[in-house]
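**Student:** Questions regarding the structure given below will be posed in turn.
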Amino acid sequence: MSRKLLIVALAALMVLGGIVPATAQSSGKQYVYGYVTPGPDTWYKKDVDGFVYAAGLAGAKVIVLNSNYNPETEIANIDSLINQGVDGMCVFTFNQNGANIAAQKCAAAKIPLVVTDNVGLVLKSGYDVVAAIDFDWVGMGKDVAEYAAKQFPGQDIAVITGLSEHVPVQMFMSSFKPTVEKLGKNKIVAIRDGKYDPTVAANAAQDLVQSGTKFSLLFVFNDEMGAAVVRVLKAAGVLNNPIKVLTTNGAPYGIDSIKQGGISYSISTSPGWEGMVSFLALHANKTGKIKTLNQQLLLPNTAITPSNIDDKMQVVPWDIDPVWKNLTAKYFPQFNGMY
């Protein structure tokens, strides 16, 4: 049999067997998806990048609307995408009400919806969604508390959170605070809202140092704020003398800071890969590959240590990287063949 005939025969067998690539299931139709992002923070931008990257692999188009932390704008963006007739929607909201409104409106419009970083709360809204895509924020809170207890017993902790009304922040703190208390090795002496703004976080760190509050561990909710805090502490001569900075995210600048002895500890959570998984869940539903609704998909998170800091399968890149495909194949094999 010639090579050409063999390829044709194999293609026919794939169709008869129902094994059709996701991009072919549309019969030439280009799907158009909407993405509502909450604000200009780097985390949100990278999540959008991952979603758009995966859409490009699948031949789909994405309309991105930014809510700029305004609840009214967020609702208007959801309405706008519905009115534009998108084939599916991803909503990354900074408050629980926004996710529930999106679920209600998308259900009424029969538009499949994926909700990102809502810690699964939208699954209790009473409306069907395709999936809630999250990191294990509760587990993260416990991990940081346990690390502090094991590595720095007897040292008091100050905390600079992200936006206090953001659900992942609330879930992290819901486990972090009681775990610190339960272990009894450390004490939380101050909590400030960093609002996901490096300048706000840096000012908060400076205020904490100047206030005379006694602490030697400073947990900062993300690396972007953490890097700014490191600069303030270094200028004041108190970085690692005695104040150690703990963060989450594993952002590029956080990785650099760890290598340079600035940040002492972080947890790898890539918003870019999260965005990719969000798209694949939505596209799998729209193309009929996966019909299960109300899924909760949790991306793994790992501690960043000097021994694994260059291993992309553990310290997952924030920027678009082919390793995301390998990670998806390992942790979410149900999406194989979607691009």
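The values are calculated or read from the model by the stated rules, or taken from the named source; none is laboratory data. Everything numeric in this text was worked out from a predicted model, so none of it was measured. Positions of Cβ are backbone-derived with ideal geometry, glycine not excepted, and every protein chain shown enters the neighbour counts.
**Student:** Scan the range 63-81 for residues that are of a type outside the set (S, T, N, Q), touching a Gly at 6+ places or on another chain (Cβ under 9 Å) and within 11 Å of VAL36 (Cβ to Cβ) and report the count. If you could, list the steps in order and put the result at the bottom.
**Tutor:** Residues of the range 63-81 of a type outside the set (S, T, N, Q): 63-65, 69, 71-72, 74-76, 78-79, 81.
So of that shortlist, the ones also touching a Gly at 6+ places or on another chain (Cβ under 9 Å) come out as 63-65, 69, 71, 74-75, 78, 81.
When the remaining residues are screened for being within 11 Å of VAL36 (Cβ to Cβ), the result is 63-65, 74-75, 78, 81.
Summing the residues that are of a type outside the set (S, T, N, Q), touching a Gly at 6+ places or on another chain (Cβ under 9 Å) and within 11 Å of VAL36 (Cβ to Cβ) in the range 63-81 gives 7.
**Student:** Spot the failing condition for LEU113; the list is (1) assigned by TED's automatic domain parsing to the domain that holds GLU72; (2) within 25 Å of THR248 (Cα to Cα), and only one is missed.
**Tutor:** Here LEU113 meets the rest and fails (2).
**Student:** List every residue pair whose Cβ atoms sit under 8 Å apart, with the two residues 6 or more apart in sequence or on different chains, where the first one lies in the range 321-336 and is in a loop (DSSP other than H, G, I, E, B) and the second, anywhere, is exposed (fewer than 12 other Cβ atoms within 10 Å of the Cβ).
**Tutor:** What qualifies is ASN336/ALA329.
**Student:** Something else now. Quick check, is VAL114 within 17 Å of the chain's Cα centre (by Cα), modelled with pLDDT of 95 or more and crowded, with 21+ Cβ neighbours inside 10 Å?
**Tutor:** On the way: within 17 Å of the chain's Cα centre (by Cα): yes; modelled with pLDDT of 95 or more: yes; crowded, with 21+ Cβ neighbours inside 10 Å: yes.
Here the answer is yes, as VAL114 does meet what is asked.
**Student:** I need the full set of residues from the range 303-339 which are of a type in the set (Val, Ile, Thr) and either closer than 13 Å to GLY275 by Cα or modelled with pLDDT of 90 or more (or both), in order please. Steps first, please.
**Tutor:** Initially, the range 303-339 is screened for residues of a type in the set (Val, Ile, Thr), giving 304-305, 309, 315-316, 320, 323, 328.
Scanning the range 303-339 gives ILE304, ILE309, VAL315, VAL316, ILE320, VAL323, THR328.
**Student:** List the number of the failed condition for TRP273; all other conditions in (1) in contact with a strand residue (DSSP E or B) (Cβ under 8 Å, 6 or more places away or on another chain); (2) among the aromatic types (Phe, Trp, Tyr); (3) without any contact (Cβ under 8 Å) to a residue 60 or more places away in the chain; (4) closer than 23 Å to TYR31 by Cβ hold.
**Tutor:** Checking TRP273 against (1) in contact with a strand residue (DSSP E or B) (Cβ under 8 Å, 6 or more places away or on another chain); (2) among the aromatic types (Phe, Trp, Tyr); (3) without any contact (Cβ under 8 Å) to a residue 60 or more places away in the chain; (4) closer than 23 Å to TYR31 by Cβ, the one that fails is (3).
**Student:** Being touching a Ser or Thr at 6+ places or on another chain (Cβ under 7 Å) and free of Cβ contacts under 8 Å to residues at least 60 places away in the same chain is the filter; apply it to the range 303-316 and report the residue that is farthest from ASP256 (Cα to Cα).
**Tutor:** First pass over the range 303-316, keeping only residues touching a Ser or Thr at 6+ places or on another chain (Cβ under 7 Å): 304, 314-316.
Filter again for free of Cβ contacts under 8 Å to residues at least 60 places away in the same chain, leaving 304, 314.
Details: ILE304: 12, GLN314: 16 Å.
The qualifying residue farthest from ASP256 (Cα to Cα) is GLN314.
**Student:** Okay, moving on. Which members of the range 74-84 meet the condition of being aliphatic (A, V, I, L, M) and in contact with a helix residue (DSSP H, G or I) (Cβ under 7 Å, 6 or more places away or on another chain)?
**Tutor:** At the first step, the residues of the range 74-84 found to be aliphatic (A, V, I, L, M) are 75-76, 78, 81-82.
Across the range 74-84, the qualifying residues are ILE75, ILE78, ILE82.
**Student:** What is the one condition in (1) in contact with a Phe, Trp or Tyr (Cβ under 9 Å, 6 or more places away or on another chain); (2) assigned by TED's automatic domain parsing to the domain that holds HIS283 that GLN155 does not satisfy?
**Tutor:** (2)
**Student:** Pick from ASN308, ASN285: which is outside any helix (DSSP H, G or I), of a type in the set (S, T, N, Q) and in the same structural domain as TYR53 (by TED's automatic domain parsing)? Give the derivation first.
**Tutor:** Details: ASN285 fails: outside any helix (DSSP H, G or I).
Result: ASN308 is the single residue among ASN308, ASN285 that is outside any helix (DSSP H, G or I), of a type in the set (S, T, N, Q) and in the same structural domain as TYR53 (by TED's automatic domain parsing).
**Student:** Restricting the search to the range 173-201, which residues are aromatic (Phe, Trp, Tyr) and either over 11 Å from PHE221 (Cα atoms) or without any contact (Cβ under 8 Å) to a residue 60 or more places away in the chain (or both)?
**Tutor:** Residues of the range 173-201 that are aromatic (Phe, Trp, Tyr), as a first pass: 176, 196.
If the condition is that a residue be aromatic (Phe, Trp, Tyr) and either over 11 Å from PHE221 (Cα atoms) or without any contact (Cβ under 8 Å) to a residue 60 or more places away in the chain (or both), then PHE176 is the only one that fits.
**Student:** Please enumerate the residues belonging to the range 36-73 that are among the charged types (D, E, K, R), under 15 Å from THR93 (Cβ atoms) and in contact with a helix residue (DSSP H, G or I) (Cβ under 7 Å, 6 or more places away or on another chain). Before the answer, list the steps.
**Tutor:** Pass one, the range 36-73, residues among the charged types (D, E, K, R): 41, 45-47, 49, 61, 72.
Filter once more, so that each one left must be under 15 Å from THR93 (Cβ atoms): 41, 47, 72.
The answer is ASP47, and nothing else.
**Student:** Sticking with this structure for a sec: Identify all residues within the range 98-111 that are at pLDDT 95 or above and not hydrophobic (A, V, I, L, M, F, W, C); write none if there are none.
**Tutor:** ASN100, GLN104, LYS105, LYS110
**Student:** Tell me, which residue of the range 152-171 that is modelled with pLDDT of 95 or more and surrounded by 14 or more Cβ atoms within 10 Å (Cβ to Cβ) is farthest from ALA202 (Cα to Cα)?
**Tutor:** Step one: list which residues in the range 152-171 are modelled with pLDDT of 95 or more, which gives 152-161.
From what is left, the residues that are surrounded by 14 or more Cβ atoms within 10 Å (Cβ to Cβ) are 152, 155-161.
Working: PHE152: 23, GLN155: 21, ASP156: 19, ILE157: 16, ALA158: 13, VAL159: 12, ILE160: 9, THR161: 12 Å.
Looking at the filtered set, the residue picked out is PHE152.
**Student:** Sticking with this structure for a sec: Give LEU217, LEU280 a once-over and let me know the one that is in contact with a Phe, Trp or Tyr (Cβ under 6 Å, 6 or more places away or on another chain) and in the same structural domain as VAL86 (by TED's automatic domain parsing). Steps first, please.
**Tutor:** Details: LEU217 fails: in the same structural domain as VAL86 (by TED's automatic domain parsing).
The unique qualifying residue is LEU280.
**Student:** Something else now. Which residue pairs have Cβ atoms under 8 Å apart, sit 6 or more places apart or on different chains, and have a first residue in the range 38-54 that is under 11 Å from ASP197 (Cα atoms) and a second that is part of a helix (DSSP H, G or I)?
**Tutor:** What qualifies is ASP41/GLU224; THR42/GLU224.
**Student:** Now, a different point. In the list TYR69, TYR33, which residue meets the criterion of being aromatic (Phe, Trp, Tyr), outside any helix (DSSP H, G or I) and at pLDDT 95 or above?
**Tutor:** Working: TYR69 fails: at pLDDT 95 or above.
From the options TYR69, TYR33, the qualifying one is TYR33.
**Student:** Could you say whether any residue in the range 296-318 is closer than 21 Å to GLY141 by Cβ, more than 16 Å from the chain's Cα centre (by Cα) and not polar (S, T, N, Q)?
**Tutor:** The answer is yes, given that some residue of the range 296-318 is closer than 21 Å to GLY141 by Cβ, more than 16 Å from the chain's Cα centre (by Cα) and not polar (S, T, N, Q).
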